[in-house]
Each structure stands twice: as structure tokens, then as C-alpha cells.
Amino acid sequence: MSSLPQPAGNVIIHTINSRIANFYLLETGSGVVIVDTGFASAAPAALDKLIRLGYGPRDVRLIFLTHVHADHVGSAAQLRRATGAPIALHRADAAKARAGFHTMPSGRGLGGKLFEHAFNGLHLKMSFEPFEPDLFMDENSTLREFGLDARVLATPGHTLGSLSLVLPDGVSLIGDAMINQLRVAMPMYGEDNALACDTLRKIHALRPRLVYSGHGAPFTGEQIARYFEFKHLDPEQAGV
């Protein structure tokens, strides 16, 4: 089910829940941009939401992926077939998209490391339908040609190719750079912890008004600042 829409300038953001993950439909005034696609079972919910908003599948202008993990790209191939919209992501995550699977990234903290070693020790994989990206985006790419006034921010760490979107009016969509499950925090897993720390400082420096992530309810820039305080961290220094 989707939450109440939240405005970002002239954009309306609709949240769709896919089990533990969120993905988003953004009404732009000239169509729809889908940000992430949930698990493999999520495509019907996205298409149903489009219809209830008064759109058809061909009104989707772009499928933008914040990163290639199964809970964010599971329905990407299916939604591309249904809508004809191109899939955009960062080149560094393209190999996983083509492979259709990934292992568990490195864990942060004791719990994350234990789960990582258990998962990968059993040679398990997180699988999804493989796909070939249509477009590659990076720092300061824009989505204006797809009807969305947003710039792309490179936010690597959770995956090497993680991306975020910065919209007008202080709104950002950041994938899994930070999450809001038990509280606003960094996720327990990531491919490069040092890069993830740099990304956290980068997002903090935006002073966002409202942040949408891949897990949990939207949160504010003030909550990010409180995370720094809780961890006794200096946002200007490395080693978060």
C-alpha cells in the first residue's frame, strides 16, 4: 500500500511499500518517474497505483534506480516491459544488473558481520530478473529531459554505484544511504564503509528538509544531524 503523497515543489511523491522496502512514483506534471522498483512481486502494485492516479503505463517517462539490490530492482525488467520506459542507473552497478544477483555486502557492526558471514558462508544469493540498463547517470546528471526537475547525486558506499536525487524545496531521495527502521541510521551493510561515511557527510551538508529512503518513513535533515550527535561524530571529519 502507498502512503499519503508528499509535495516537492511541483512534484508529488507517492510511496509504495514492497515488503521491507520502499519505492516511489513521482508525478511531475508531464508524466511519472519511478524511483526504484521493489522486489520481484511489486510491479502489479506500481501499475495499479498508476491507474488509480489517472495515468497509463506509457505515461512513465523513466525508471531511475538508486542502486542494484534485489529489494530495489526486483521489478525493474517487468516494469520496463509494461511501460516502455528506459532504466537508468550508475555504471558501477551495471554488472550486478546484468548478472541478476548479488551476495550480501560487508556487514557493519557485530550483527551485520554475523549475518553477512552466515549468508555468504552458505553461498546464498539475492536474485532478480537480470536486465541491461538503458542509461547511465552520475554526479550532476539531471532528469529534466524526463520531465523532473531533479539533479543526480553520486552517493556510493552501500553499493559502489549508489545514486540519490535532489529535488526542489529541500527534498531528497537517497536509496539506502541512510534508512529509518528502528531509527534514522546507516544501514547494516555496504560495499565500502569509507565511501558510505563520505556519502553521509555529503547528504548532511545538503541540509535537506525531507528525505525519502529505501526503508522506513521519511525523515528530516534535523534527524540526520541528531545521528551525528548521537554517535559523537564530526560531520567535517572522516571516519563516521
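Quick rundown of the values:
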quantity	calculated
Verdict on Gly54 being out of contact with any helix residue (DSSP H, G or I) (no Cβ under 7 Å at 6 or more places or on another chain) and at positive phi	yes
Test: residue in the range 214-231 that is over 18 Å from Pro105 (Cα atoms), free of Cβ contacts under 8 Å to residues at least 12 places away in the same chain and among the acidic types (Asp, Glu)	yes
Qualifying residue in the range 61-82 (condition: more than 16 Å from the chain's Cα centre (by Cα), more than 16 Å from Ala40 (Cα to Cα) and free of Cβ contacts under 8 Å to residues at least 40 places away in the same chain)	no
Residue under evaluation Leu53, criteria (1) within 18 Å of the chain's Cα centre (by Cα); (2) of a type in the set (A, V, I, L, M, F, W, C); (3) surrounded by fewer than 17 Cβ atoms within 10 Å (Cβ to Cβ), criterion not met	(1)
Filter pass, Ala21 being at negative phi and surrounded by 20 or more Cβ atoms within 10 Å (Cβ to Cβ)	yes
Yes/no for Ala185 being surrounded by fewer than 20 Cβ atoms within 10 Å (Cβ to Cβ), hydrophobic (A, V, I, L, M, F, W, C), touching a Phe, Trp or Tyr at 6+ places or on another chain (Cβ under 8 Å) and over 20 Å from Leu26 (Cα atoms)	yes
Condition broken by Asp48, with the remaining ones in (1) over 21 Å from Ser172 (Cα atoms); (2) of a type in the set (Asp, Glu); (3) touching a Phe, Trp or Tyr at 6+ places or on another chain (Cβ under 8 Å) satisfied	(3)
Every residue from the range 84-120 that is hydrophobic (A, V, I, L, M, F, W, C), under 21 Å from the mean Cα position of the chain (by Cα) and surrounded by 14 or more Cβ atoms within 10 Å (Cβ to Cβ)	Ala85, Ile87, Ala88, Leu89, Ala92, Ala94, Ala97, Met104
Test result for Thr15, assigned to a loop (DSSP other than H, G, I, E, B), touching a residue at least 24 places away in the same chain (Cβ under 8 Å), in contact with a Ser or Thr (Cβ under 7 Å, 6 or more places away or on another chain) and within 21 Å of Gly170 (Cβ to Cβ)	no
Scope the range 139-182; condition crowded, with 24+ Cβ neighbours inside 10 Å and within 14 Å of Leu62 (Cα to Cα); matching residues	Leu148, Ala150, Leu165
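Rundown of residues vs (1) modelled with pLDDT under 95; (2) over 26 Å from Lys113 (Cα atoms), yes/no style:
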position: Arg151; (1), (2): no, yes
position: Pro168; (1), (2): yes, yes
position: Ile174; (1), (2): no, no
position: Pro187; (1), (2): yes, no
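The values are calculated or read from the model by the stated rules, or taken from the named source; none is laboratory data. Everything numeric here is computed off the predicted structure, so don't read it as measured data. FYI the Cβ positions are ideal-geometry reconstructions off the backbone, even for glycines, and counts take in every protein chain you see.
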